[in-house]
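Contents: one structure, followed by commentary.
Read-outs: derived from the displayed coordinates by stated rules, not from any lab. Predicted model only: the values in this text are computed from it and were never measured.
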Amino acid sequence: MSVLKLVGVLLDYPRDELWQHGEELLAACDEAALTPARRRQLRGFVQQLLDSDPLDAQAAWLATFDRGRSMSLLLFEHIHGESRDRGQAMVDLVETYRRNGFELDARELPDYLPLLLEFLAHQPETEAREWLHHIGHIAGMLAARATERELPHVPLLEILVEAGDGKVNLEALRQRASEEPRDDTAEAMDRLWEEEAVRFGAEAPAEDCKPPTRSPARPVHREVQP
């Protein structure tokens, strides 16, 4: 299993069948083309996951990646936000996948990071490195926020930064992350829902005519076998 596919599997929502492939995942960590230190970190992450109850691991994943936007694994959330450019970027990415023989389920979100990593795992190394370099700042910011929140996913995200040539100032990003307000608290989520309350009837739109922002989307996860 390639490093990118392995990292993608480990970042993805931990489905029940993951525990059925524990030995394969541990072996993939030991065989990964990484430094010994990174291999140990990967193995430690996998072992901690396998030692946990699946329901607890799934709840932890949702609390990490599905509350607020700052830890979203949807890449265009960080690039385009609510801009109309996001829709066209989605279309362009789907077309890129299709040109390379990578078909998506109709419900899948093409900018979901584990999905992109699965795609890149089948591309030439130089091309995969270019893609990772392009999203390196996002991976770095996710890694910095994960560090600030003491999450176990830090080495997974830092591996992606390194795979994209690692030209990201992680120390500066960690400082930025330490100064950010959390968007995954109950209070922050309540404010978000208040801002996104749906208007019904003949009530006029706001004077600025801005489209309503949306709540964080939950991706549809692919069945990825290790």
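Computed on the stretch 1-136, with alpha-carbon pairs under 8 angstrom and 6+ residues apart, the relative contact order is 31 percent. Contact order for the stretch 134-187, expressed relative to its length and based on alpha carbon pairs under 8 Å spaced 6+ residues apart, stands at 42 percent.
3J(HN,Hα) along the stretch 156-168, derived from phi through the Karplus expression 6.51 cos²θ - 1.76 cosθ + 1.60 where θ = phi - 60°, amounts to 4, 6, 5, 4, 5, 4, 5, 5, x, 5, x, 8, 10 Hz, with x in place of Gly and Pro. When both the stretch 131-184 and the stretch 90-104 are represented by their alpha-carbon centers, they are found 26 Å apart.
When a/c is below 1.5 the answer is rounded, else prolate if a/b is larger than b/c, else oblate, so apply that to the stretch 107-169 with a ≥ b ≥ c taken from the square roots of the Cα gyration tensor eigenvalues.
Because a/c hits 1.5 or more and a/b fails to exceed b/c, the stretch 107-169 counts as oblate.
Kindly identify the stretch 55-109 as rounded, prolate or oblate by the Cα gyration tensor criterion: order the square roots of the eigenvalues as a ≥ b ≥ c, call it rounded if a/c is under 1.5, otherwise compare a/b with b/c, prolate if a/b is larger, else oblate. Here the stretch 55-109 falls in the oblate category.
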